[in-house]
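J.: Right, I'll just put the structure down here and ask away after.
We did not get these values from a lab; they are worked out from the coordinates using the rules stated. Note that the structure is predicted; figures quoted are calculated from it, not measured. Backbone-built Cβ (ideal geometry, glycine too); neighbour counts: all protein chains shown.
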Amino acid sequence: MILRTSQVAALLLLSSHLLHASALPAASSYEFKAYRMQQYNLHQDKYGCRGAIVVAEARSAVDTSLTRRCVIMKLPDFTTESYLEAKRQNAAAVLILLPQNISAVSEDIMQGFTVAESQILQQETLMPVYVVPEDDQLLYMYEEVNKAAATKSASALVRVLRSIVSATAFQILVSNNSPINQVTDTTIITLEGVLLGAGEDQPTIVITAHYDTFGLAPWLAYGADSNGSGVTILLELVRIFQRLYSDPRSKAPYNLLFSLTGGGKYNFLGTKHWLGENMDHAESSLLHDNVAFVLCLDTLGTGDELYLHVSRPPKPGTSQYDFILQLEQIISARFPWVRFGAVHKKINLQETTVAWEHECYGMKRIPGFTLSHIENPKSELRGSILDTMAQVDIRKLKRNAVIVAESLARFMYNLSDKGSPKDIQVFKGSLDIQDSRLSALMAMMTSVPRAVQLLDREPEHMLLLNSLEQEFKHYLKQVHRHTFHQDRRDPEITFFDQMSQPMMMYRVKPAAFDLFLGGCIAGYLGVVYYAIQNFGNIYTQFKATMKAKHQ
């Protein structure tokens with residue numbers, strides 16, 4: 001009897017010791033930076049995520065119980081359906097793990113994610129949504145919560161044993177309890193510069209692109225294709241046309257006005273204010289004079305399609321019509337595999353959103369159009385955190401730059417009667433569009449996220465705008481920086497803070513383990529208590545047993 005009691009006590013002690021040794025200590029934690037989903041008001045409409053605080057246990061997206069849990073998702077898991085299911089179950093938060101190498105993600109997964117991203121950004125939610133770049137610790141957590149979800153299909157005994165012995169629970173915490181504050185003093189900056197043509201009172205061609213970005217999380221919105229590609233082509237046009245205009249003999253009878261505008265992802269607010277200032281206040285603006293047309297460059301970094309978006313079909317004999325003819329001739333003669341087409345969309349003043357930048361000019365009765373490889377203005381490709389440098393094809397970016405440059409040159413210098421586009425190529429030799437410069441400009445544009453709410457506050461982002469201004473000053477004349485401040489009492493757009501948060505991941509054993517460990521300790525103490533209380537009887541039995549063995 002005494003031997004059996006000793007064996008039970010030893011077994012309980014050993015079990016409790018091993019289980020305690022297998023448990024991760026309560027202080028085991030990992031801190032990382034997470035980026036909150038967009039939150040903004042555009043006029044009276046509210047968009048994005050209204051919550052920031054997270055204190056919840058991590059769960060897999062395939063788990064059946066998500067109520068008051070933080071749902072961990074990788075890109076393949078994040079769909080509109082999975083997001084809505086988490087929202088329906090009143091999940092505490094959603095944490096999306098973003099892969100370090102976006103280029104390795106399959107096309108189907110990227111398309112599914114961007115569609116879901118676009119749809120949820122059109123809604124308002126109280127559930128906090130965060131995005132964080134993957135690392136080993138976070139991937140370990142993801143694998144563990146998925147294993148835990150998989151065991152729920154097993155028998156009840158298997159689930160209990162795994163929960164007791166091997167399962168690891170993860171607690172996700174955002175410790176910042178301060179309220180989310182409005183940011184209404186955001187400034188929007190527009191840059192402009194000019195190349196003056198031959199003669200006086202010549203018509204002006206405006207070439208413009210917006211430089212800001214949009215995506216699920218502002219701190220991860222690098223916008224390589226939309227619209228780093230448009231800015232890159234514009235800056236290369238600035239360089240090569242400055243080379244032409246530097247010689248008085250090769251100046252065209254057109255002024256070239258270049259502009260880089262902010263707020264393009266928010267109804268082109270930078271363009272709207274810049275136009276208002278030039279049209280209503282400035283007496284010497286080139287926009288007061290004869291404007292041949294406005295060419296807006298938007299999302300031109302990939303694809304074998306080019307669409308010219310116009311508000312109304314141009315009439316024959318107009319500058320717009322002649323330029324479109326040159327575009328068609330260049331494409332058909334030198335790049336026949338590129339599918340080109342015009343997309344007509346009337347300006348609807350009742351709509352709350354502006355589809356393309358040229359519509360802002362159309363409202364001022366200035367003719368213009370937008371060139372893009374995107375046909376639908378509501379395409380999810382125009383605002384995604386997956387729009388990185390990996391999505392841009394430098395060869396196609398250069399091809400689109402050549403198409404725009406050669407079409408402009410043939411129109412401005414009236415080269416239609418001089419020969420075919422194949423025979424007469426203006427930009428070659430010393431005027432050739434340089435691959436290395438395009439790559440360098442794209443690298444500069446994607447070096448930092450260019451969300452509007454970051455550009456006027458963070459030093460690195462302000463440095464990017466200063467670099468763009470220096471590019472203009474190096475090649476152009478009459479360079480001006482226009483800074484537009486919103487009316488704080490009635491702002492057109494309101495942003496919110498706490499877009500980047502420190503987040504903690506605690507690795508702990510589940511409550512079932514604590515109960516089992518407590519039971520083991522209680523059993524061990526019970527055995528010890530019993531042995532002490534019955535020490536005389538145990539000793540007598542032990543002595544008798546030893547005497548019997550010796551006999």
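J.: Between Tyr530 and Gln350, what is the label-point separation in nm under the 7 Å Cα-to-beta-carbon projection?
T.: Once both label points are built, they end up 8.4 nm from each other.
J.: Where does the chain land at 222 nm, in deg cm²/dmol rounded to the nearest 500, when only DSSP H runs of n ≥ 4 count, each adding -39500 (n - 2.57), divided by all residues?
T.: -12000 deg cm²/dmol
J.: Continuing with the same structure: Applying 1/(1 + (r/R0)^6) with R0 = 56 Å to the Cβ-Cβ distance of Gln498 and Glu328, what FRET efficiency is obtained, to the nearest 0.05?
T.: Calculated value: 0.65.
J.: Now for a separate question. Give the residue list of trypsin sites (Lys or Arg not before Pro) in segment 87-154 that are DSSP loop and have at most 15 other beta-carbon atoms within 10 angstrom.
T.: In loop regions of segment 87-154 (DSSP not H, G, I, E or B), there are no sparsely surrounded trypsin sites (Lys or Arg not before Pro).
J.: Which of the helices in the chain, when you take each full DSSP H run, stretch at least 24 Å along the axis at their Cα atoms and have an average Kyte-Doolittle score of -1.0 or higher?
T.: Within the chain the helices that satisfy the rule are 2-22, 394-412, 459-475, 511-533.
J.: What ranking do Phe427, Phe535, Phe78 get, fewest neighbouring Cβ atoms within 10 angstrom at the top?
T.: Ranked by crowding around the Cβ, least crowded first: Phe535, Phe427, Phe78.
J.: Step through the table entries Lys398/Lys428; Lys33/Lys87; Lys272/Lys398; Lys345/Lys396; Lys315/Lys346, compare each Cα-Cα distance with 18 Å, and write down the pairs that go over it.
T.: Lys33/Lys87; Lys272/Lys398; Lys345/Lys396
J.: While we're here: What is the pair-distance distribution P(r) of segment 186-485, computed from all Cα-Cα distances in 20 Å bins starting at 0, with each bin given as a whole percent?
T.: 36, 61, 3
J.: Whose amide H sits under 5 Å from the amide H of Gln425, counting only residues 5 or more places off or on another chain, with H placed in the peptide plane?
T.: Result for Gln425 returns nothing.
J.: When the Karplus curve 6.51 cos²θ - 1.76 cosθ + 1.60 is applied with θ = phi - 60°, which whole-Hz ³J(HN,Hα) does each residue of segment 127-134 get, with x for Gly and Pro?
T.: 6, x, 10, 10, 10, 9, x, 5
J.: For segment 373-389, what does the Karplus curve 6.51 cos²θ - 1.76 cosθ + 1.60, with θ = phi - 60°, yield as ³J(HN,Hα) per residue in whole Hz, taken in order and with x for Gly and Pro?
T.: My calculation for segment 373-389 gives 8, 9, 8, 9, x, 8, 4, 5, 5, 7, x, 8, 6, 8, 7, 10, 4 Hz in order.
J.: Separate question: Residue-wise, which Karplus ³J(HN,Hα) couplings in Hz belong to segment 187-200, taking 6.51 cos²θ - 1.76 cosθ + 1.60, θ = phi - 60°, and x for glycine or proline?
T.: 9, 10, 10, 10, 10, 9, x, 10, 10, 7, x, 6, x, 10
J.: Considering only the other residues whose Cβ falls under 12 Å of the Cβ of Ala217, what net charge follows from Lys and Arg at +1 and Asp and Glu at -1?
T.: +1
J.: What ranking of Ser118, Ser106, Ser430 emerges when the number of other C-beta atoms within 10 Å of each C-beta is taken as an exposure proxy, fewest first?
T.: Ascending number of Cβ neighbours within 10 Å: Ser430, Ser106, Ser118.
J.: Which shape class, rounded, prolate or oblate, goes with segment 281-416 when its Cα gyration tensor gives a ≥ b ≥ c as root eigenvalues, a/c under 1.5 marks rounded, and past that a/b bigger than b/c marks prolate?
T.: Oblate.
J.: With Cβ to Cβ distances under 14 Å as the rule, what net charge do the other residues near Thr483 carry (K, R +1; D, E -1)?
T.: Once positives and negatives cancel, what remains is -3.
J.: Tell me the Kirkwood hydrodynamic radius of the chain in angstroms, computed as one over the mean inverse distance between distinct C-alpha pairs.
T.: Its Kirkwood hydrodynamic radius stands at 27.2 Å.
J.: What order do you get for Arg450, Arg488, Arg382, Arg312 when you list them from fewest to most C-beta neighbours inside 10 Å?
T.: Arg488, Arg312, Arg382, Arg450
J.: Which net charge results when you count Lys and Arg as +1 and Asp and Glu as -1 among the other residues whose beta-carbon is under 14 Å from that of Trp337?
T.: So the environment of Trp337 carries a net charge of +2.
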